[in-house]
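Computed from the coordinates by the stated procedures, all read-outs in this text should not be read as laboratory data. Keep in mind the model is a prediction, meaning the values are calculated, not measured. All Cβ positions, glycine included, derive from the backbone under ideal geometry; neighbour counts span all protein chains shown.
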Amino acid sequence: MSGMDKYRAMAVLLAALLPLSLWPEVPREVPAAALSRPDPAVLGTRQVRAPQAERFRVETLSRKQILALEELYGTDPPVPYQDLRVVRVVHRDFYGGENNGYLTVHHQVAEEIRDIFLELYQEGYPLQKIRPLEEYAGKDGASMSDNNSSAFCVRPVTGGTGYSRHSFGVAVDINPLMNPYVKGETVLPAEAAGYVQRGSVKPGMIVPGDACHQAFISRGWIWGGDWNSLKDYQHFEKPFSGGQP
């Protein structure tokens, strides 16, 4: 046996005697199928969906959110931005899916809003979108035309000069395209003209006694569909004195 052969033999013997933990593990190639298919064990633990109530929560506005509101509405709103809260929700859409959304409301009604939208979710009530007015540059008309359900928005009362209840974070509009504001010949949004007549009820329309109506009314909210001088079918508001809700 040559010197080189003796060296190789000794190396093989040494490798067999050393603990395996001292040798680096050889990486194994992961099959493509394993990358595309989740492990059932993982699905049963870490990826399980959180309980419903945990997906609905109230949060304090971040500094970034407050700066965005100041950019839209100025630094002297009807209520301090620090008094507002973001309510994160999940809602059913008109196609059987689920979407995340959030509303900005006054802190004194934030817990109620969370409970209301949890109730609507559990009832399967369809809501097309729930996005903040900041995504529409604060333009309520654009939000309504997009059938977006929303809350806080600093603006005057429709057709008036005083602050709307939305300016205090104590009003919510639901599916505006299917629940228009109607006063005389005025219909807002204009695209909602086909929903002025309320006899033929379609999904997303609010009618007395339905899940949406009851969720708000049972908690002391006022529905604009009950007003006599005009009808604001999309609108719910909480009584507000001007200083505190």
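Computed from phi, the 3J(HN,Hα) profile of the range 138-149 under the Karplus parametrisation 6.51, -1.76, 1.60 (θ = phi - 60°) reads x, 8, 5, x, 5, 5, 4, 4, 8, 6, 9, 7 Hz, with x in place of Gly and Pro. Computed from phi, the 3J(HN,Hα) profile of the range 76-89 under the Karplus parametrisation 6.51, -1.76, 1.60 (θ = phi - 60°) reads 10, x, x, 10, x, 4, 5, 7, 8, 9, 9, 9, 8, 9 Hz, with x in place of Gly and Pro.
Anisotropy class assigned to the range 130-245 is rounded, per the alpha carbon gyration tensor with a/c under the 1.5 cut-off. Couplings 3J(HN,Hα) for the range 214-229, derived from phi with the Karplus relation 6.51 cos²θ - 1.76 cosθ + 1.60 (θ = phi - 60°), are 5, 4, 7, 4, 5, 10, x, 7, 9, 9, x, x, 8, 6, 9, 6 Hz, where x marks Gly and Pro. Since only Gly138, Phe216, Gly96 are under comparison, the one whose Cα sits farthest along the positive direction of the charge dipole of the range 89-245, derived from C-beta charges on Lys, Arg, Asp and Glu, is Gly138. Applying a DSSP loop filter and a limit of 12 other Cβ atoms within 10 Å to the GluC sites (Glu not before Pro) in the range 161-245 leaves Glu185.
Please work out whether the range 55-237 counts as rounded, prolate or oblate from its C-alpha gyration tensor, where a ≥ b ≥ c are the square roots of the eigenvalues and a/c under 1.5 means rounded, while otherwise a/b larger than b/c means prolate and anything else oblate? Oblate, because a/c is 1.5 or more while a/b does not exceed b/c. Put the Cα centre of the range 182-245 next to the Cα centre of the range 135-180 and the gap is 12 Å. What net charge is computed for the residues neighbouring Ala215, neighbours being all others with C-beta under 12 Å from the C-beta of Ala215, Lys and Arg scored +1, Asp and Glu -1? Charge balance in the 12 Å sphere: -3.
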